1. On the Cα set of the stretch 18-61, report Rg and Dmax in Å, please.
2. So for the pair residue 47, residue 59, with labels modelled 7 Å out along Cα→Cβ, what separation do we get in nm?
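Only the coordinates and a few stated rules stand behind these numbers; no lab work does. From a predicted model like this one, the values you see are computed outputs, not experimental measurements. Glycine also receives a Cβ, built like all others from the backbone with ideal geometry; neighbour counts cover every protein chain displayed.
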């Protein structure tokens with residue numbers, strides 16, 4: 001298993017590749033193949049909020 005280095009004194013966004021913790025978890029769940037409703041439940045947000053977050057993330061990365 002590969003090693004992950006975490007800068008303990010660094011802000012969460014810096015440790016998570018520039019993403020805030022909630023967005024980092026969103027990306028992790030998307031990459032694992034989780035469905036929108038499961039992601040929303042895991043993040044403790046509504047389905048529409050989850051879909052908006054995904055759309056905003058896609059827009060930001062230009063895909």
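1. Cα only, the stretch 18-61: 9.4, 25 Å (Rg, Dmax).
2. 2.2 nm
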